[in-house]
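Readers should treat all values here as calculations from the given coordinates under stated rules, not as data from a laboratory. Because the structure is predicted, anything quoted here is derived from the model rather than measured. Note: ideal-geometry Cβ built from the backbone for every residue, glycine included; neighbour counts use all protein chains shown.
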Amino acid sequence: MERNTDTVGGTFEVAETDVSTGIVPASGDAGPQKTVFIKTYGCQMNVYDSTRISESLEQEGYTLADNADDADLVLVNTCHIREKAAEKVYSAIGRLNKLKKKRANSNRPLTIGVTGCVAQAEGREIFRRAPSVDLVAGPQTYHDIGKMVRQARNGERVLHTEFEIAEKFASLSKAHPTAIKRSVAAFLTVQEGCDKFCTFCVVPYTRGAEVSRPASQILDEAKRLADAGVREITLLGQNVNAWHGTRDGGEWTLGDLLRALADIDGIERLRYTTSHPIDMDMRLIEAHREIGKLMPYLHLPVQSGSDLILKAMNRHHTAAEYLGIIEGMREARPDMAISGDFIVGFPGETEEDFEATMQIVRQVRYASAFSFKYSERPGTPGAELDNKVPEEVKSERLSRLQALLNEQQLAFNRGCVGQEIDVLAEKPGGREGQLSGRSPWLQVVNFEGDVSQIGSMVRLRVTHAGPSSLVGEPVS
Ligand code: 5AD
Ligand code: SF4
């Protein structure tokens with residue numbers, strides 16, 4: 001994943017992902033083999049959703065294809081967060097359209113579906129702009145994906161963008177046993193949606209209101225993941241630290257949930273993303289002091305260091321309040337690595353406001369970060385604001401900010417050299433005889449090792465640090 005870029009998203013977001021899961025193919029079911037290819041854009045929530053969609057389709061008799069050419073059904077799971085992300089989706093559909101035409105008179109017609117946030121935001125408009133699309137389904141409808149796909153394959157045009165999040169979570173709990181084990185590190189969605197209405201952001205409109213998944217469902221799924229060999233779980237939510245629930249007659253927040261997850265045998269590491277500063281409570285901060293399995297890494301977007309811009313963005317906190325949270329976290333866990341998201345060029349941002357952003361970056365000393373030029377999103381309050389910042393000013397500010405963030409990231413990585421750290425061996429590395437895993441601070445670490453070590457915690461001494469990864473050697 002590339003960092004500090006304005007084309008792909010934050011820690012909460014990843015670049016395009018081709019193969020959506022490591023799902024175990026269905027065996028010997030009736031009827032001809034049908035294949036699906038899912039192209040995923042955007043955040044980890046989308047990656048997770050693609051996994052769930054493929055699990056449901058597996059029950060419909062589908063197996064996963066490696067590319068669109070080999071598929072009967074192609075689903076494009078989309079991201080709407082910035083204009084560039086949405087435009088990429090239409091280019092992808094344009095390419096699929098050509099493939100569909102080529103296959104029109106063959107015995108293997110192609111069905112095209114669009115899921116995710118562009119589907120939610122644009123709905124029927126997608127059929128107008130891209131008539132080759134057969135199915136448009138928003139993020140809260142995936143429990144019905146099997147039925148929708150059947151209808152689309154029968155020649156119906158299917159549009160489904162209703163919000164039924166509770167129903168979606170209920171269907172998620174009926175996980176298919178063969179589909180559980182993906183890797184030794186897994187994502188688990190605990191919360192969906194957002195009520196914050198930051199004035200630049202489409203998420204409250206595409207993902208709907210905040211809903212927390214019940215604690216019992218989360219704990220059950222975590223146990224199944226642990227039994228299937230998963231050692232690290234990252235809890236996902238647009239506002240993951242707004243998660244709340246009831247358990248044993250008491251009110252729980254994310255800190256309580258993390259405590260219960262840490263008690264599950266086999267789970268060795270816990271992470272969560274993405275958090276909002278106004279939902280950081282003491283239970284969560286204390287969880288970092290108390291739970292060794294909770295990794296010392298916090299992704300806490302601040303977006304801007306200027307109080308005026310934070311107000312215009314409707315963030316509900318000041319720069320000083322953000323710094324106070326970071327201080328509290330570092331007091332609880334002195335080795336805490338901080339990551340953030342930034343937007344430059346929000347309407348009205350002056351050079352002085354931008355300097356305040358540079359200043360907060362200097363104060364926090366980020367271990368990693370994601371930074372973007374403000375992208376005006378239709379329908380958001382930000383789009384109505386005057387004093388727009390010219391593109392060239394945005395670009396110039398972004399490059400200054402990214403130079404500072406890159407410098408900090410490299411400094412953080414270099415600070416690890418010589419340290420002994422635990423790395424969860426996740427997969428074979430780029431070179432023969434090499435393994436790749438993650439440090440406690442989410443850095444990629446490459447080291448000499450054998451595939452039999454995948455899934456175990458390896459003690460390494462860090463020998464080299466680059467801008468985006470570390471190299472380590474095993475400590476006997
Ligand atoms: N323009 C630029 N960046 C945006 N983000 C969200 N909406 C926009 C937008 N309209 C960024 C924020 C957020 C991250 C996921 O994407 O920094 O934290
Ligand atoms: Fe968007 Fe703000 Fe909600 Fe994050 S908190 S998803 S930036 S509206």
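Given the DSSP H assignment, sum -39500 (n - 2.57) over each helix run of at least 4 residues in the chain and divide by its residue total; what's the result at 222 nm in deg cm²/dmol, nearest 500?
Computed ellipticity for the chain at 222 nm equals -10000 deg cm²/dmol.
Which whole-number percent gives the relative contact order of the chain, counting Cα pairs below 8 Å spaced six or more residues apart?
Normalised by residue count, the contact order of the chain is 11 percent.
Sequence-distant or interchain residues sharing an amide H contact under 5 Å with Thr63, placed H: which?
Long-range HN contacts for Thr63: Lys34, Thr35, Val36.
Which GluC sites (Glu not before Pro) from the range 392-436 combine a DSSP loop assignment with at most 10 other Cβ atoms within 10 Å?
Glu432
³J(HN,Hα) across the range 132-143 via Karplus (A = 6.51, B = -1.76, C = 1.60, θ = phi - 60°), whole Hz, x for Gly/Pro?
Each residue's phi maps through the Karplus curve to give 6, 6, 9, 9, 10, 9, x, x, 9, 10, 5, 4 Hz.
I need the peptides 191-203, 277-289 ranked by packing, meaning the mean over residues of other C-beta atoms within 10 angstrom, with the highest value on top.
Averaged packing, sorted descending, gives the order 191-203, 277-289.
Do any cysteines of the chain lack a neighbour Cys whose Cβ is under 4.7 Å away, and which are they?
If one checks each Cβ against the other cysteines of the chain, Cys43, Cys79, Cys117, Cys194, Cys416 turn up with nothing under 4.7 Å.
Nearest 5 percent is fine: what portion of the DSSP beta bridges confined to the range 194-323 is antiparallel?
40 percent
Looking only at the chain, where both bridge partners belong to it, what percent of the DSSP beta bridges are antiparallel (to the nearest 5)?
40 percent
If the reach is capped at under 19 angstrom between alpha carbons, list the lysines near Lys100, excluding any in the same chain fewer than eight residues apart.
Of all the lysines, those that pass the test against Lys100 - Cα under 19 Å, at least 8 places apart if same chain - are Lys34, Lys39, Lys88.
Would you work out which of Leu235, Phe197, Ala185 lies farthest towards the positive end of the dipole of the range 172-294, given +1 charges on the beta-carbon of Lys and Arg and -1 on that of Asp and Glu, about the Cα centre?
The Cα lying farthest towards the positive end belongs to Ala185.
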